[in-house]
1. Please list, ordered by first then second residue, the pairs with beta carbon atoms under 6 Å, 6 or more apart or interchain, first in segment 22-50 and under 21 Å from LEU138 (Cα atoms) and surrounded by 11 or more Cβ atoms within 10 Å (Cβ to Cβ), second among the acidic types (Asp, Glu) and at pLDDT below 95.
2. Among the residues that make up segment 93-106, is at least one of them over 15 Å from ILE20 (Cβ atoms) and either of a type in the set (Lys, Arg) or over 14 Å from the mean Cα position of the chain (by Cα) (or both)?
3. In segment 103-118, how many residues are of a type in the set (Val, Ile, Thr) and part of a loop (DSSP other than H, G, I, E, B)?
4. Give me a count of the residues in segment 1-12 that are of a type in the set (S, T, N, Q) and in a helix (DSSP H, G or I).
5. Which count do you get for residues in segment 130-157 that are modelled with pLDDT under 85 and either touching a helix residue (DSSP H, G or I) at 6+ places or on another chain (Cβ under 6 Å) or not aromatic (Phe, Trp, Tyr) (or both)?
6. Is it the case, given these coordinates, that SER86 is touching a residue at least 24 places away in the same chain (Cβ under 8 Å) and either out of contact with any Leu (no Cβ under 8 Å at 6 or more places or on another chain) or of a type outside the set (Val, Ile, Thr) (or both)?
7. Among the candidates THR127, THR88, which residue alone is among the polar types (S, T, N, Q) and at pLDDT below 90?
Amino acid sequence: MKKSILIFLTFVPLIVGYVINITLTIPGIGMVIFYVVPLAVLVFWFYLGSLYSKATWKAIPSVLIGSATGILSLILYLWQFLGQNSETRNMALAGISQLYSAATPIYLFGKFAMLFESQPNYIGQTTMVAVQVIAVILMFVIFTAGYFWGRRHWRKAENCSIRNNE
């Protein structure tokens, strides 16, 4: 697969996050999309990691390129919500910065993110930052696992085809 297509596919979580945010207001189907689609994104992200293992990039550049949208989203989020106040915050950038994490199954780790707050059962800025960081880490781990699984899997397949052709 061409490298440009692989790079383009790293933007899928942003597109899915946008779709999830838009469909949340639709009764019934919005919640189904909120619960099901992020799980599909995790499967896709693992698969994309395996596709990156077939590219000519080495392991570290592959994982960094594959995770670049998440890392940039996190940097943008931190800049908008910790580096700016409510008067200087750009709402468009603030919204875009949250799309990546919206494509992850937040409902699986939201309670864990609340542990970083000083008050129990409180959702504040610390929880929201933790959600963003955990989402990027989760996607990084899934992508990396997919990369190394693909590297092992594709090499086995190549070895089998070489043996069969002999």
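The values are calculated or read from the model by the stated rules, or taken from the named source; none is laboratory data. None of the values given here were measured: they were computed from a predicted structure. Because the Cβ atoms are built from the backbone with ideal geometry, glycine has one as well, and the counts that use them run over all protein chains shown.
1. Final answer for the pair search is none.
2. Yes, segment 93-106 contains at least one residue that is over 15 Å from ILE20 (Cβ atoms) and either of a type in the set (Lys, Arg) or over 14 Å from the mean Cα position of the chain (by Cα) (or both).
3. So the first thing to find is which residues in segment 103-118 are of a type in the set (Val, Ile, Thr), and the list is 104, 106.
When the remaining residues are screened for being part of a loop (DSSP other than H, G, I, E, B), the result is 104.
Looking only at that region, the number is 1.
4. Qualifying residue count for the region: 1.
5. First, pick out the residues of segment 130-157 that are modelled with pLDDT under 85: 153-157.
Next, from what is left, pick out any that are either touching a helix residue (DSSP H, G or I) at 6+ places or on another chain (Cβ under 6 Å) or not aromatic (Phe, Trp, Tyr) (or both): 153, 155-157.
Summing the residues that are modelled with pLDDT under 85 and either touching a helix residue (DSSP H, G or I) at 6+ places or on another chain (Cβ under 6 Å) or not aromatic (Phe, Trp, Tyr) (or both) in segment 130-157 gives 4.
6. Details: touching a residue at least 24 places away in the same chain (Cβ under 8 Å): no; either out of contact with any Leu (no Cβ under 8 Å at 6 or more places or on another chain) or of a type outside the set (Val, Ile, Thr) (or both): yes.
So SER86 fails the test.
7. Working: THR88 fails: at pLDDT below 90.
Exactly one of THR127, THR88 is among the polar types (S, T, N, Q) and at pLDDT below 90, namely THR127.
Matching residues to (1) in a helix (DSSP H, G or I); (2) over 17 Å from the mean Cα position of the chain (by Cα); (3) modelled with pLDDT under 95:
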position: LEU14; (1), (2), (3): yes, no, no
position: GLY17; (1), (2), (3): yes, no, no
position: GLY30; (1), (2), (3): yes, yes, yes
position: PHE34; (1), (2), (3): yes, no, yes
position: ALA40; (1), (2), (3): yes, no, no
position: PHE44; (1), (2), (3): yes, no, no
position: TYR47; (1), (2), (3): yes, no, no
position: TRP57; (1), (2), (3): no, yes, yes
